[in-house]
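To start, the structure under review is shown below, and the notes come after it.
The values are calculated or read from the model by the stated rules, or taken from the named source; none is laboratory data. Since the structure is predicted, the reported quantities are computational estimates derived from the model, not experimental observations. Cβ placement follows ideal geometry from the backbone for every residue including glycine, while neighbour counts extend to all protein chains displayed. What goes into the accessible areas is simple: the full protein's heavy atoms, side chains included, and nothing from ligands, DNA or RNA. Shrake-Rupley method; radii C 1.70, N 1.55, O 1.52, S 1.80 Å.
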Amino acid sequence: MSTLVADAILERLRLWGVHRIYGYPGDGINALLGALDRAEGDPELIQVRHEEMAAFMACGHAKFSGEVGVCMATSGPGAIHLLNGLYDAKSDHQPVVAIVGQQAQTALGGSYQQEVDLVSLFKDVAHEYVEMAAHPAQIRHLIDRAVRIALAERTVTCVIVPNDLAGAKAVEAPPHEHGTVHSAVGYVRPTIVPNAAQLERAAEVLNAGERVAMLVGQGALGAADEVVETAERLGAGVAKALLGRAVLPDDLPYVTGSIGLLGTRPSYEMMAGCDTLLMIGSSFPYSEFLPEEGAARGVQIDLDARMIGIRYPMEVQLIGDARETLRALLPLLERKTDRAWQEKIAGQVEDWWELLERRAHENADPINPQRVFWELSSRLPDGCILTADSGSSANWFARDLRLRAGMSASLSGTLATMGPGVPYAIAAKFAHPDRPVIALVGDGAMQMNGLNELITVAKYRERWSDPRFVVLVLNNRDLNQVTWEQRALQGDPMYPVTQQIPDFPYAEFAELIGLKGIRVDDPEGIGAAWEQALAAGRPTVLEAVVDPDVPPLPPHISFEQAKHFAQAAVGDPRRTQIVRQSFRQMVDAVLPRR
Ligand SMILES: Cc1ncc(C[n+]2csc(CCOP(=O)(O)OP(=O)(O)O)c2C)c(N)n1
Ligand SMILES: [Mg+2]
C-alpha cells in the first residue's frame, strides 16, 4: 500500500514492468531511497559507482532486453553526471527514463545548495518529455507518460521530483474534477506496414536492379529470416552497420560485414559497384561509403519518418517495421536468375576473411591486437553478448569477430562515447544472467571508468547464474584510435603528451577485488588465455598487452589519408614501428595468399 509519493512512483514503475533501476543515492532522492527499502527489491536499485554508468546501464538494459531502462540520480551533481549516458541512449534511439531528485520546492529559486535548473538541463536530451512534479496527484500520469513516450518514441524522458514532494503523502488517484488527469499503464508497439502502392513501387525498383546491395542496422534486429530471404531472392549482398552487427550471422557467404571506416573491403566494393541500394533500419552516416548520388536507385525501410531519406536520396521510402515490411514486400520480389553479383560478393568475402586471418597473424610487439580478436572469434560461446568501447577495439569488434546466430552485440553507435563497454556488459548480465558476456575495452576507457565499474561487478557477481563475464582490456598505453586518426586524417604525428596514458596492472587489480585476472603478452598464449577466462568460474579481466603501432586500416585508403600518414610519419616518435606495421598490414592486402 503506497504511503508517500516516492512509494507511488515505484509502484507505478512496477506496474509498467520495471523491476530494476540503476542509480546512486543522494539527499535529493532521500524519500525514494526509503521507498526502495520498503519496496523490498521490486523494483530494486542496482548501485553503481557513478551516475553516468547508471545511464549507460539503463541504455544497455534497453539494448539487450528491448524493455525500457530506468536510472535514478540525486539533484545537482548526480543529475549532471547522468547526462552523457542519457545522450548515448537518445542517440542510439533507446527507451530510457531518468528519475531525478531536486531540492525542496520550498527552497527552489533561492540559489540553494545543489539547486540546478534541471528542466533546462534535461531539455535537450529529454526534450520529448521532461517534467518537474509539483503535486502528488500528478505522479501517476507523469510516470505513465514518461515510460510510454520513452517506449513509443524510443528516446529518453525525465521526471524530476523535488524531495519534499517525494516525501509527501501520496494521492492514489486524482479526484474526479476539472483540472485532473486520469492515465493508465500499458504500451503495445503497433505493427506498422507501408501501404500497398508503396510496396509495389519498392518491388519495381528492387526487381529492376541487377546488382542489389543491402545495408541493415539495428532496426533490422529480429528480422533475420526476412533479411536472408530478401537477400536470397534479390541475389544481393548484405552489409551491416555497427549497431546492426548481430542482425545476421557472419557465416552467411554474402554477408559483407561492417561498413564505414571500421568496415570491410567487400562492403566498400559492394556499395561502390551496386545499381540498387536497399537500406533497412539504419542511419549509417558516412556518405563516402554509400553509392554516389545517382549511381544507384534507392529503397529504404525505417520505422521512424524522421530518419528516412537523409543518408541517400531514396526513391522509395517505406515507413514500417523491418520484419513486417519485408514480409509484405517478399511476395512481390522476383528471384533473380542471374546470381553472378552475389557470387562475386561471396568470393570477395571469402578473400577478405583470409586477409583478416593473415593480418591477425602478422608479428607485432608484443601482441597484434587483431590476433586477440581472431582467437576469440572461434571461441565465442553460444548465445554470448558482446559489448565494445569506443577506441581501437571497435575496429576489431567490427571486423575480426565471426558472430553466429543467437549472439547479441552493441556499442555506442551514434554518440561513439568512451565508457559504455563495461556498464553495458553489467546491464547485459543483469538482463540475461544465464548468458556469457564479453566486454572489449581499451585501457583509456578502463582508466576513464571501467576499472571503477569492476567494483560493481565484484559486488553483484554472485547473483549471475552463468559466471562467464570477461572484460578484455587492450593494454596499449595509448589513446590509440585517436592517435591513428591524428596521423591519417590530420597528418599530425603522435604527440605523446596527449596520446600516451600510464600503464596500469589491470589483471592484478581484478585479483585484488576478488575477480580473476589474466595478463597475456605472448601471442601464442592468447587462445589458452581466452579459454581460461571463459572457464574461470568468476568474472575475469583478460589484459592483453598489445602493440599500439598496428594500424586500424580503413577498408580503402584514400590518397588524402595516405598523404597525411606519410606527412605524419616524418615527425612521429614511433615512425619506424608504425611504418613497419602499416607496410606489413597493407602488403598483406595486395599480395596473394602465401
Ligand atoms: C568521452 C569521450 N572522450 C573522448 C573521446 C575521443 N576518443 C575516441 S576513441 C579514444 C581513444 C580511446 O583509447 P583507449 O580506450 O585506450 O582505446 P584504444 O584506441 O587505445 O584501443 C578517444 C580519446 C570519445 N569518443 N569519448
Ligand atoms: Mg589504449
Checked segment 109-118 for anything open to solvent by 50 Å² or more (accessible area, probe 1.4 Å) and in contact (Cβ under 8 Å) with a residue 40 or more places away in the chain; matches are Gln114, Glu115
Residues of segment 403-437 being of a type in the set (A, V, I, L, M, F, W, C) and assigned to a loop (DSSP other than H, G, I, E, B), in sequence order, are Leu403, Ala405, Met407, Leu411, Leu415, Ala416, Met418
When (1) closer than 25 Å to Asp164 by Cβ; (2) open to solvent by 10 Å² or more (accessible area, probe 1.4 Å); (3) aromatic (Phe, Trp, Tyr) are applied to Tyr87, the one that fails is (1)
In segment 352-395, anything more than 16 Å from ligand 1 (Cβ to nearest atom), charged (D, E, K, R) and either buried (at least 24 other Cβ atoms within 10 Å of the Cβ) or touching a residue at least 24 places away in the same chain (Cβ under 8 Å) (or both) is listed as Glu354, Arg358, Arg359, Glu362, Glu375, Arg379, Asp382
Picked from segment 449-477 (must be basic (Lys, Arg) and in contact with a helix residue (DSSP H, G or I) (Cβ under 9 Å, 6 or more places away or on another chain)), the residue nearest to His50 (Cα to Cα) is Arg461
(1) touching a Leu at 6+ places or on another chain (Cβ under 7 Å); (2) away from ligand 2 (no atom under 15 Å from the Cβ) all hold for Pro523 apart from (1)
Query raised in the report: If you go through segment 434-441 one residue at a time, do you hit one that is within 16 Å of ligand 2 (Cβ to nearest atom) and over 14 Å from the mean Cα position of the chain (by Cα)?
Result: no
Scanning segment 402-427 for residues that are surrounded by fewer than 22 Cβ atoms within 10 Å (Cβ to Cβ) and at positive phi, the one nearest to ligand 2 (Cβ to nearest atom) turns out to be Ala416
* Meets criteria (modelled with pLDDT of 90 or more, under 23 Å from Pro423 (Cα atoms) and surrounded by fewer than 18 Cβ atoms within 10 Å (Cβ to Cβ)) for Ile513 -> yes
Within segment 435-482, of all residues that are within 16 Å of ligand 1 (Cβ to nearest atom) and open to solvent by 50 Å² or more (accessible area, probe 1.4 Å), the one farthest from Ala364 (Cα to Cα) is Asn452
Over segment 483-516, the set of residues touching a helix residue (DSSP H, G or I) at 6+ places or on another chain (Cβ under 7 Å) and under 16 Å from Val545 (Cα atoms) is Ile501, Phe504, Tyr506, Phe509, Ala510
Checked pairs for segment 561-583, first without any contact (Cβ under 8 Å) to a residue 60 or more places away in the chain, second assigned to a helix (DSSP H, G or I) and open to solvent by 30 Å² or more (accessible area, probe 1.4 Å), C-beta under 8 Å and 6 or more apart or across chains, list as Ser582/Phe565
